[in-house]
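Working notes, beginning with the structure itself.
A short reminder: the numbers here are calculations on the coordinates, not readings from a lab. Because the structure is predicted, anything quoted here is derived from the model rather than measured. Methodologically, a virtual Cβ is constructed for each residue, glycine included, from the backbone with ideal geometry; neighbour enumeration extends over all protein chains shown.
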């Protein structure tokens, strides 16, 4: 069965990103190695932060590019109110709110923020699926 076991983000500054995710958003830091990569363990998956140029080198791809990354990560919560709380927490940690929370056409409630490296995160309450 297909499964996403780890998501790795290519970041510019490891300590800044650790501070954002661990201290600002409360993600549980599992380990950090060689000032190059950090791992956060979460239920069902892991989030890795890897220096951008090192990740590109590891994948043997060109390290240039900026702007829209053509994907978004999602953090689902149990209520509309929790969407607002998490977006406020992200803003306080240094995120840029790209879309304030609004009622969605599909019946949920959703907003977006960008982390310090520009990765988009959707924060959503979905009344149709228990994703929280």
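Of note:
- For the pair residue 6 and residue 89, label points projected 7 Å from Cα toward Cβ lie 2.5 nm apart.
- Extension gain for the segment residue 62 to residue 78, taken as residue separation times 0.36 nm less the Cα-Cα distance, is 1.8 nm to one decimal.
- Label-zone membership for the range 15-59, site residue 132, 7 angstrom Cα→C-beta point, backbone N under 20 Å: 25-28, 42-45
- Calculated FRET efficiency, residue 13 to residue 42, Cβ-Cβ distance, R0 = 30 Å: about 0.85 to the nearest 0.05.
- Ranked by the mean number of other Cβ atoms within 10 Å of their residues, highest first, the peptides 52-61, 114-123 come out as 114-123, 52-61.
- Between 0 and 90°, nearest 10: helix 80-93 axis offset from the chain longest Cα axis: 30
- Here the peptides 9-22, 34-47 are ranked by packing, the mean other Cβ count within 10 Å, and the order with the highest first is 9-22, 34-47.
- DSSP bridge analysis restricted to the chain gives an antiparallel fraction near 65%, rounded to the nearest 5.
- Taking N as its residue count, the alpha carbon Rg of the chain over 2.2 N^0.38 Å: 1.08
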